[in-house]
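Chemist: Got a structure here, written out as structure tokens. Questions coming.
The values are calculated or read from the model by the stated rules, or taken from the named source; none is laboratory data. This structure is a prediction, so every number in the text was calculated from the model and none was measured. Heads up, the Cβs are rebuilt from the backbone with ideal geometry, glycines too, and the neighbour counts pull from every protein chain shown. Just so you know, the surface numbers come from the protein's heavy atoms only, side chains and all, with ligands and any DNA or RNA stripped out. Shrake-Rupley method; radii C 1.70, N 1.55, O 1.52, S 1.80 Å.
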Amino acid sequence: MIRDILVNLAQGTEKDVARDFAASLAAAFGAHLTGLTVAYEIDVPPFYMGALPTDFIDAQVLENQAAAERAATGFTAAATAAGITHDVKSLTASLGVAANAFSEMSRLYDITVVAQPDPDRPGPEEVIAETVLIESGRAVLVVPYVQTKPFTASRAVVAWDGSRASARALAEALPLLHRTKEVEIFRVVHHTEEEDTAGPEVARHLARHGIDAKVRRLPVSSGEPIAAAILNEVSDQGADLVVMGGYGHSRLRELVMGGVTREILATMTVPVLMAH
């Protein structure tokens, strides 16, 4: 069961999609919700420090502190409205330090909720999301920046490639999958003639947990993007949750090659539960 949830609080926006989604998730599971708000320090290289007026730096520090306080106030209001138990943790740090601290915190929570980076509003979300996914060791639920609906998991697509990461994501997702009406195990395969036993084995495992799942196998050409195939399937099925492993290869290889994880993070339209 999910009893303890952590969420990173956004700043500089009236609507915090991760906060609101996490509050609805906590309400659905009767869980406690913790929000982390960060007063970001100005990370200026030493050789630039002399070129910046002291009053500018002081004003920016005060502005960042005020933004963190507003995020905490908004979180308290949202959690109170959702009728859930909650608390706020505050941190003053640079983005890199904050991302690592958030990842360490997340290891003692059942699930961590973060927002998908919004390309039209650059912010710390990309660094936070990728760091916690790599470093936490627990489930990370990424909420699209266009998300409007509260938590629901009527239909889920499990993208299964047999990797360690996908196995961890499936195990972490079991409490959510128990809330679904339909679960599909989605297999992208490159050799149409080979018999695929992996999908039925995943279905057997879920059946032992009382979850009835169907299997869909999609042959694709070697040049077809796997991320696009997954997102097309999500759209076709009307799914409201994706479960998949994150960074199945080394992080460096994913960064250089693009990688399914990064493509999904950039183009996702429904919440995605990932684990590494």
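Chemist: For the chain, modelled as a GNM with alpha-carbon contacts under 10 angstrom, which of Q11, Q116, Q60 fluctuates the most?
Modeler: Q60
Chemist: What does the extension gain come out to for A93 and S154, with contour length at 0.36 nm per residue minus their alpha carbon separation?
Modeler: Net length gain for the segment: 18.1 nm.
Chemist: So how much accessible area does F151 have, in Å² to the nearest 10, using a 1.4 Å probe?
Modeler: Number for this one is 40 Å².
Chemist: Still on this structure, please answer the following. Ordered by residue, what ³J(HN,Hα) values in Hz, to whole numbers, does the range 207-212 give under the Karplus form 6.51 cos²θ - 1.76 cosθ + 1.60, where θ = phi - 60° and Gly and Pro are x?
Modeler: In residue order, the calculated couplings are 4, 5, 9, x, 10, 8 Hz.
Chemist: Please report the relative contact order for the chain, taking Cα pairs under 8 Å with a sequence separation of at least 6, and give it as a percent rounded to a whole number.
Modeler: Details: 536 pairs, mean separation 52.7, N = 276.
Computed value for the chain: 19 percent relative contact order.
Chemist: Taking every DSSP beta bridge that has both residues in the chain, what percent is antiparallel when rounded to the nearest 5?
Modeler: 5
Chemist: Could you check the spin-label model distance between A77 and A171? Points 7 Å from the Cα along Cα→Cβ, value in nm.
Modeler: 4.1
Chemist: Right, another one. Per residue, how much accessible area does the chain show when a 1.4 Å probe rolls over the protein heavy atoms, in square angstrom?
Modeler: 48
Chemist: With each run of n ≥ 4 DSSP H residues scored as -39500 (n - 2.57), what mean residue ellipticity at 222 nm is computed for the chain after dividing by its residue count and rounding to the nearest 500 deg cm²/dmol?
Modeler: -13500 deg cm²/dmol
Chemist: Kirkwood-based Rg over Rh for the range 45-174 (C-alpha set), two decimals? Show your work: numbers first, answer last.
Modeler: Numbers: Rg = 18.0 Å, Rh = 17.6 Å.
Checking Rg against Rh, the ratio lands at 1.03.
Chemist: Probe 1.4 Å, all protein chains in place: accessible area of M1 in Å², nearest 10?
Modeler: 140
Chemist: Let me ask something else about it. Once phi is turned into ³J(HN,Hα) by the Karplus curve 6.51 cos²θ - 1.76 cosθ + 1.60 with θ = phi - 60°, what whole-Hz value does each residue of the range 72-86 show in order, with x for glycine and proline?
Modeler: So the J values, rounded to whole Hz, are 5, 5, x, 5, 4, 5, 5, 5, 5, 5, 7, x, 10, 6, 7.
Chemist: If you don't mind, another one. What FRET efficiency do you get for T85 and A59 if R0 is 35 Å and r is their Cβ-Cβ distance, rounded to the nearest 0.05?
Modeler: So the FRET efficiency works out to roughly 0.45.
Chemist: A further question on this structure: Could you give me the radius of gyration and the Dmax of the range 109-173, taking only the C-alpha atoms into account and expressing both in angstrom?
Modeler: Both quantities, over Cα of the range 109-173: 13.0, 35 Å.
Chemist: Could you work out the mean projected area of the convex hull around the alpha carbons of the chain, in square nanometres to one decimal?
Modeler: Answer in nm², one decimal: 15.5.
Chemist: While we're on this one: Tell me, how many Å apart are the Cα centres for the range 59-124 and for the range 158-186?
Modeler: 27
Chemist: Karplus couplings for the range 118-123 from phi (6.51 cos²θ - 1.76 cosθ + 1.60, θ = phi - 60°), rounded to Hz, Gly and Pro as x?
Modeler: Each residue of the range 118-123 in turn: 9, x, 8, 9, x, x Hz.
Chemist: Please identify, among A207, A79, A129, the residue showing maximal mean-square fluctuation in a Gaussian network model of the chain using a 10 angstrom Cα cutoff.
Modeler: Of A207, A79, A129, the most mobile in the Gaussian network model is A207.
Chemist: Please compute the modelled spin-label separation between H209 and S163, points set 7 Å along Cα→Cβ, answer in nm with one decimal.
Modeler: Once both label points are built, they end up 1.9 nm from each other.
Chemist: What angle do you read, to the nearest 10 degrees and between 0 and 90, between the alpha-carbon axis of helix 95-106 and the longest principal axis of the chain?
Modeler: 50
Chemist: Given a 1.4 Å probe and the protein chains all in place, what does the accessible area of K15 round to, in Å² to the nearest 10?
Modeler: 100
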